[in-house]
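**Student:** Input: one structure, supplied below.
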Amino acid sequence: MKTFDIAIIGGGPGGYEAAIRASSFGKKVALIESGHMGGTCLNTGCIPSKTLLRHSEILEDMKQAKDWGIETGDLKLDWSKMASRQNKVVRTLRSGVEGLMKKHKVTVLRGKGYLEPQNAPEGHTINVISDKEEEKIEAAKVIIATGSKPSLPPIEGLDDVDVHTSDSIFSIEELPSSIVIVGGGIIGVEFATIFSSLGVHVTIVELGERLIPTEDEEAASVIRDKLKKSGVDVRVNLSVASVAKEASGKSTRVLLSDESSLETDMLLVATGRHPNTEVIQNTSIDLQKGYIKTNGKLETSLPGVYAIGDVNGKIQLAHTASAEGLVAVNNASGKPVQTIDYHTVPKCVYTLPEIASVGLTEEEARSSYKDVKVSKIPYSSNGKALSSGNTEGFVKIVAEEQFGEILGVTMVGSHVTEMISESVAFMNLEGTVEELAQTVHPHPTLSEAMFEAANNWLNMGIHH
Amino acid sequence: MANEIFMPKLSSTMEEGVILDWFKEEGDEIETGEPIFEIMTDKINIEVESYHDGILLKKYFHKDDTVPVNHVIGFIGEQGEEVPDTPPASDEESSADESSSPEQETAAPAQEPETEVSTEKVRATPAARAAAREKNVSLHNVSGSGPKGRIHKADVLSSGSQGKSTPLAEKMASHHGIDTKNVEGTGAGGKVMKNDINALLAESSENRPENVTESLRGVRKVTAERMADSSSTIPHVTMDFEVDMEQVIRLREALKSSVEKATGQKLSYNEIFVLAVSKALQRHPDINITYDKETITYHNEVNVGVAVAVEENLYVPVLKNTERKSLSMLADELKPLIFNTREGRIDSASMQGGTFTISNLGMFAIDSFTPIINKPQGAILGISRMKEVPVVKEGEVKVSSVTTFSLSFDHRVINGAPAAAFCTTLKNLLEEPYELLV
């Protein structure tokens with residue numbers, strides 16, 4: 001039986017980064033992956049969606065450019081070329097990850113990994129099952145990084161119609177004329193942005209009272225207004241009662257909870273993700289609300305077995321998985337224990353404009369701190385935003401009044417997903433509004449809005 | 001260039017000095033050797049003389065400010081010269097170093113050994129000293145990697161990572177009066193983070209309830225001021241003397257029922273003490289006095305104040321003309337007076353005119369204490385608990401109840417001998433109390 005110091009089950013952004021770190025610690029590492037290296041993020045998530053969103057961005061710019069006197073004649077969209085660029089980007093990155101595995105001498109085992117019941121106090125056995133063979137390996141420490149998959153809600157008739165999730169939507173061969181997106185969370189609004197910019201008639205059906213309920217309300221309403229302006233039909237406080245194939249066989253009829261109905265070319269369900277916990281089905285490792293339960297060290301109830309990323313249910317974001325992977329490897333390698341400060345994990349929503357946030361929303365801050373002061377600066381007063389024609393959005397600093405502790409930052413607008421890192425660094429290093437206000441920001445940049453917001457918070461705003 | 005004025009280090013143990021007075025104002029001309037200000041250390045007061053001619057350009061500290069040694073207090077220079085608005089960082093090392101001369105001399109007598117400037121020397125390269133000044137790092141806290149522990153610039157720079165804290169942690173620490181140097185940091189390189197401060201606060205709040213801060217008002221404020229005034233202006237001398245209480249106990253037992261019958265009040269030791277004190281004061285009029293600035297008043301009447309504690313407050317109601325009163329009259333008067341005081345029903349007239357005060361802590365486990373004189377009176381008697389101790393009587397060891405009495409007197413107006421004589425009289429009266437009834 002092959003033995004390893006550390007075996008990592010799952011080759012997504014959590015797993016493969018953990019493998020590299022473990023290797024650099026001098027460990028003998030196995031990485032078990034049943035599908036493509038890079039996991040959901042690289043293959044059916046972050047990367048392909050951002051590739052497509054770039055197309056949307058260009059289309060938006062071209063529309064705007066027309067008003068500025070730059071005309072290109074009639075627009076022609078070639079979905080197959082867009083899709084092939086998307087696939088090329090994904091393949092390039094995937095082979096990059098595979099190359100990294102080789103470079104760091106990580107043994108990649110193809111197949112699904114199942115943790116065997118522990119029969120020796122030291123070491124764990126993993127059964128790696130592929131189509132062709134079954135192989136058992138042994139590892140002193142195990143990191144479970146199996147991620148999650150899209151979950152389908154119990155909707156009547158769902159089994160009898162063609163339904164897409166984020167797993168399959170990137171492989172469509174041609175654009176539909178209309179699409180109904182069930183779920184108005186982050187995934188739902190990103191796809192709504194992509195499809196509406198490509199001329200597809202989009203309807204979002206959201207159960208809650210607003211889109212992107214995890215984000216700041218003001219930020220979410222900017223996105224809602226923008227989607228509506230682009231012709232997206234936003235239906236909130238509604239659920240899908242049933243779906244059925246139309247007599248023609250081509251389109252799908254969607255019946256909503258208010259008894260209205262929609263006819264659509266394509267149905268995309270983006271209502272959430274379900275953890276992949278089959279890996280521990282033969283063990284007695286504890287679950288919590290369906291996710292693998294971990295402690296602060298990211299160790300499961302079985303000593304020596306760690307769980308990171310979507311499967312532990314903490315924060316379902318690729319960069320959280322990566323950060324957890326590095327911490328889990330550190331702790332599994334017997335180094336001084338590290339933990340993750342989840343308060344400073346940034347979140348990005350890639351719509352047009354984008355949303356980026358870190359820490360508490362204004363609402364959350366007000367409910368847990370006594371004295372909270374908020375400073376909001378609109379993009380419309382920023383020189384760079386005006387000159388580039390990206391005046392939609394704002395930056396908002398939420399800080400505790402006594403010491404100026406930055407509790408949260410929410411940004412909406414062009415390039416905010418790049419800009420949020422400044423706020424993350426400030427929060428991580430515990431800089432306060434005062435230091436932010438004293439930090440020189442380059443001119444002319446969108447980032448000056450942060451400088452302005454900090455000074456405005458201190459009642460010392462220059463332009464506000 | 002303007003010359004710095006430093007807080008001088010006058011002894012090896014001196015860490016800070018208090019500015020008692022400035023003799024010069026900003027803009028005043030100063031000559032070398034002229035006193036600029038007076039300071040107080042834990043040991044002495046001293047006038048600090050100027051080492052330079054020029055104009056006093058800047059005073060960073062004011063009267064009563066406490067300033068660490070070698071900290072810049074001000075600048076002397078030429079008219080119109082620019083000096084910083086805030087005092088530059090202190091430079092402990094340079095003046096602790098023999099090679100650099102102190103910026104001013106003190107007017108301390110040369111034979112006073114405590115005024116010698118410390119010669120504790122820190123071995124450091126000039127670059128290290130410059131770096132320490134720039135980074136505001138004390139060289140005393142840096143361990144040197146050079147020969148004989150000499151500190152190099154790199155040592156100073158690397159020491160900077162110790163005792164670091166985040167801006168937020170720094171603000172929280174300063175708000176709560178915590179020195180971050182004493183906090184164990186959990187951040188990168190031991191940096192003190194918000195959570196470290198919170199942990200410290202949580203720990204200290206677990207161990208004890210939150211401190212209560214309130215401003216001193218009313219009786220407490222008056223008491224505080226009077227205590228400080230008395231203690232600081234009167235040279236107190238306290239004499240302790242033990243009194244065998246056996247006879248006092250017997251007297252009280254014997255008279256208890258008749259006093260109760262006559263007055264309805266229970267006879268307590270307090271009345272006996274007041275009576276004995278009154279008789280003794282009559283025999284020693286030089287103790288029954290008040291002293292106000294230049295005049296001593298010898299009082300014919302004896303007015304005895306009795307200290308009464310009511311919650312945090314201290315009241316001293318006064319029994320008037322006690323020299324003329326019997327035990328039952330005293331019981332009849334003192335009991336309601338104390339009761340009313342405790343109930344808060346006492347007017348200020350009832351607390352005036354005292355010529356002597358008794359403070360009885362006999363109900364506590366106190367064996368002796370130093371009472372503070374109730375100005376303008378000349379003396380006060382402290383009474384501690386009664387306890388059984390072996391005493392020698394007629395060549396035999398016996399168990400007897402003994403109480404320590406403590407007389408504090410104002411040595412400006414009462415000498416030791418008359419005070420001791422009064423104590424002896426009082427002791428005799430209490431040990432043979434039937435004389436009281438005469």
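The values are calculated or read from the model by the stated rules, or taken from the named source; none is laboratory data. These numbers were taken from a predicted model, which means no experiment stands behind them. So basically every Cβ, Gly included, is an ideal-geometry build from the backbone, and we count neighbours across all protein chains shown. The area values use the complete protein model at the heavy-atom level, side chains included, leaving out ligands, DNA and RNA. Shrake-Rupley method; radii C 1.70, N 1.55, O 1.52, S 1.80 Å.
**Student:** With viscosity set to 0.890 mPa s at 25 °C, what whole-number translational diffusion coefficient in µm²/s follows for region B:1-86 from Stokes-Einstein and a Kirkwood radius over Cα pairs?
**Tutor:** Once the numbers are plugged in, D ends up at 191 µm²/s.
**Student:** Related question: Using alpha carbons only, how many angstrom separate the centre of region B:209-274 from the centre of region A:390-460?
**Tutor:** 66
**Student:** Something else now. Can you compute 3J(HN,Hα) from phi for each residue in region B:236-249, using the Karplus curve 6.51 cos²θ - 1.76 cosθ + 1.60 with θ = phi - 60°, rounded to whole Hz and x for Gly and Pro?
**Tutor:** After applying 6.51 cos²θ - 1.76 cosθ + 1.60, I find 7, 10, 10, 10, 9, 8, 8, 10, 6, 9, 3, 6, 4, 4 Hz.
**Student:** Once you compute Rg and the Kirkwood Rh from C-alpha atoms, what is the Rg to Rh ratio for region B:220-319? Mind dumping the intermediate values first?
**Tutor:** Numbers: Rg = 17.0 Å, Rh = 16.6 Å.
Rounded to two decimals, Rg over Rh is 1.02.
**Student:** Something else about it: Where Rh is the Kirkwood radius over the Cα pairs of region A:314-459, the temperature 10 °C and the viscosity 1.306 mPa s, what D in µm²/s does Stokes-Einstein return?
**Tutor:** 99
**Student:** Work out Dmax and Rg for the protein assembly as shown from the C-alpha atoms and quote the Rg first, both in angstrom.
**Tutor:** For the protein assembly as shown, the Cα radius of gyration and maximum Cα-Cα distance read 42.8, 131 Å.
**Student:** While we're here: Using only Cα atoms, what is the ratio of the radius of gyration of region A:343-392 to 2.2 N^0.38 Å?
**Tutor:** Against the compact-globule rule of thumb, the ratio is 1.43.
**Student:** Using Stokes-Einstein with the Kirkwood hydrodynamic radius over Cα pairs, what translational diffusion coefficient do you get for region A:302-350 at 10 °C and a viscosity of 1.306 mPa s, in µm²/s rounded to a whole number?
**Tutor:** Once the numbers are plugged in, D ends up at 137 µm²/s.
**Student:** Can you bin every Cα-Cα distance in chain A into 20 Å intervals starting at zero and give me the percent of pairs per bin, rounded to whole numbers?
**Tutor:** Once binned at 20 Å, the Cα pair distances of chain A give 22, 51, 26, 1.
**Student:** Please calculate the 1.4 Å probe accessible area of B:Glu301, with all protein chains present, and give it to the nearest 10 Å².
**Tutor:** Accessible area of B:Glu301: about 60 Å².
**Student:** At a probe size of 1.4 Å, how large is the accessible area of B:Asp64, to the nearest 10 Å²?
**Tutor:** 100
**Student:** Search the structure for amide H atoms under 5 Å from the amide H of A:Ser242, placed 1.01 Å from N in the peptide plane, and list their residues when 5 or more places away or on another chain.
**Tutor:** Residues meeting the amide H criterion: A:Leu255.
**Student:** Run the paramagnetic zone check for B:Asp292: 7 angstrom along Cα to Cβ, then residues of region B:374-399 with backbone nitrogen under 14 Å.
**Tutor:** B:375-378
**Student:** A 20 angstrom limit on the alpha carbon distance is what I want to check against. Which of A:Lys228/A:Lys250; A:Lys112/A:Lys132; A:Lys27/A:Lys141 exceed it?
**Tutor:** Pairs exceeding the cut-off: A:Lys228/A:Lys250.
**Student:** Within chain B, what's the longest run with no trypsin sites (Lys or Arg not before Pro) in a DSSP loop and at most 13 other beta-carbon atoms within 10 Å? Give the range, please.
**Tutor:** After excluding every exposed loop site, the longest remaining stretch is B:122-216.
**Student:** If you don't mind, another one. From largest accessible area down, sort B:Asp196, A:Asp258, A:Asp67, B:Asp21; use a 1.4 Å probe on the protein chains.
**Tutor:** Final ranking, largest accessible area leading: A:Asp67, A:Asp258, B:Asp21, B:Asp196.
**Student:** Further question: log10 I(q)/I(0), Debye, Cα-only region A:104-167, no solvent, q = 0.20, 0.23 Å⁻¹?
**Tutor:** Result of the Debye calculation: -0.88, -1.02.
**Student:** Another one. With no solvent and one equal point scatterer placed on each C-alpha of region A:169-274, evaluate the Debye formula and give log10 I(q)/I(0) for q = 0.10, 0.14, 0.17 Å⁻¹, two decimals.
**Tutor:** Each listed q corresponds, in turn, to -0.26, -0.51, -0.76.
**Student:** Can I ask one more? Using a Debye calculation, one point per C-alpha and no hydration shell, please list log10 I(q)/I(0) for chain B at q = 0.07 Å⁻¹ in order.
**Tutor:** Debye output, listed in q order: -0.62.
**Student:** Report the full-extension gain for the segment A:Val337 to A:Ala425: residue separation times 0.36 nm, less the Cα-Cα distance, to one decimal in nm.
**Tutor:** Gain on stretching A:Val337 to A:Ala425: 29.5 nm.
**Student:** Oh, and also: By a straight-distance test (C-alpha under 22 Å), which lysines pair with B:Lys24 as possible cross-link partners, with residues fewer than eight away in the same chain excluded?
**Tutor:** Of all the lysines, those that pass the test against B:Lys24 - Cα under 22 Å, at least 8 places apart if same chain - are B:Lys9, B:Lys58, B:Lys59, B:Lys63.
**Student:** Once both labels are modelled 7 Å past Cα along the beta-carbon direction, what's the B:Ser231-A:Val236 spacing in nm?
**Tutor:** Taking the two extended label points, one gets 6.7 nm.
**Student:** As a check on your grasp of the helix formula, calculate [θ] at 222 nm for the protein assembly as shown: sum -39500 (n - 2.57) over DSSP H runs of n ≥ 4, divide by the residue count, round to the nearest 500.
**Tutor:** -9500 deg cm²/dmol
**Student:** On a full-extension model of 0.36 nm per residue, what is the gain between B:Ser348 and B:Met1, subtracting their alpha-carbon distance, rounded to one decimal in nm?
**Tutor:** So the chain would gain 118.6 nm between B:Ser348 and B:Met1.
**Student:** What's the FRET efficiency of B:Arg123 with A:Ser130 using the Cβ-Cβ distance as r and R₀ = 56 Å, to the nearest 0.05?
**Tutor:** Plugging the Cβ-Cβ distance into 1/(1 + (r/R0)^6) gives 0.20.
**Student:** Turning to a different aspect of this structure: Would you rank A:Leu207, A:Leu59 by solvent-accessible area, highest first, keeping every protein chain in place and using a 1.4 Å probe? Numbers along the way, then the final one.
**Tutor:** Numbers: A:Leu207 130, A:Leu59 15 Å².
Putting A:Leu207, A:Leu59 in descending order of accessible area: A:Leu207, A:Leu59.
**Student:** Applying the Karplus parametrisation 6.51 cos²θ - 1.76 cosθ + 1.60 with θ = phi - 60° to the phi angles of region A:89-97, what ³J(HN,Hα) value in whole Hz is obtained for each residue in order, glycine and proline being reported as x?
**Tutor:** Calculated HN-Hα couplings, in order: 4, 4, 5, 4, 5, 4, 5, x, 5 Hz.
**Student:** Run the simple label-point estimate for B:Met40 and B:Asp85 please: 7 Å along Cα→C-beta, distance reported in nm.
**Tutor:** Going by the 7 Å Cα→Cβ label model, 3.2 nm.
**Student:** Another question, then. Please report, largest first and rounded to whole Å, the three semi-axes of the ellipsoid equivalent to region A:224-305, where each semi-axis is the square root of five times an eigenvalue of the C-alpha gyration tensor.
**Tutor:** The three semi-axes for region A:224-305 are 41, 18, 11 Å.
**Student:** Cut-off 15 Å, label point 7 angstrom out along Cα-to-Cβ of A:Glu218: give me the residues of region A:356-371 whose amide nitrogen falls inside.
**Tutor:** A:356-358, A:360-366
**Student:** Pop out the Kirkwood hydrodynamic radius of region A:20-103 from its pairwise C-alpha distances, inverse of mean 1/r, in Å to one decimal.
**Tutor:** Evaluated over region A:20-103, this radius sits at 15.6 Å.
**Student:** Please work out the average accessible area per residue across region B:298-347, using the 1.4 Å probe convention, and give it in Å². Walk me through the intermediate numbers first.
**Tutor:** Numbers: 2580 Å² over 50 residues.
For region B:298-347, the per-residue accessible area is 52 Å².
**Student:** Mind checking the alpha-carbon convex hull of region B:161-207 and giving the volume per residue in Å³? Can you show the working numbers first?
**Tutor:** Working: hull volume 2.8 nm³, N = 47.
Considering the Cα atoms of region B:161-207, their hull volume per residue is 59 Å³.
**Student:** Quick one: P(r) of region B:6-52 from all Cα-Cα pairs, 5 Å bins, percents rounded to integers, in order of increasing distance.
**Tutor:** 5, 22, 29, 23, 13, 6, 1
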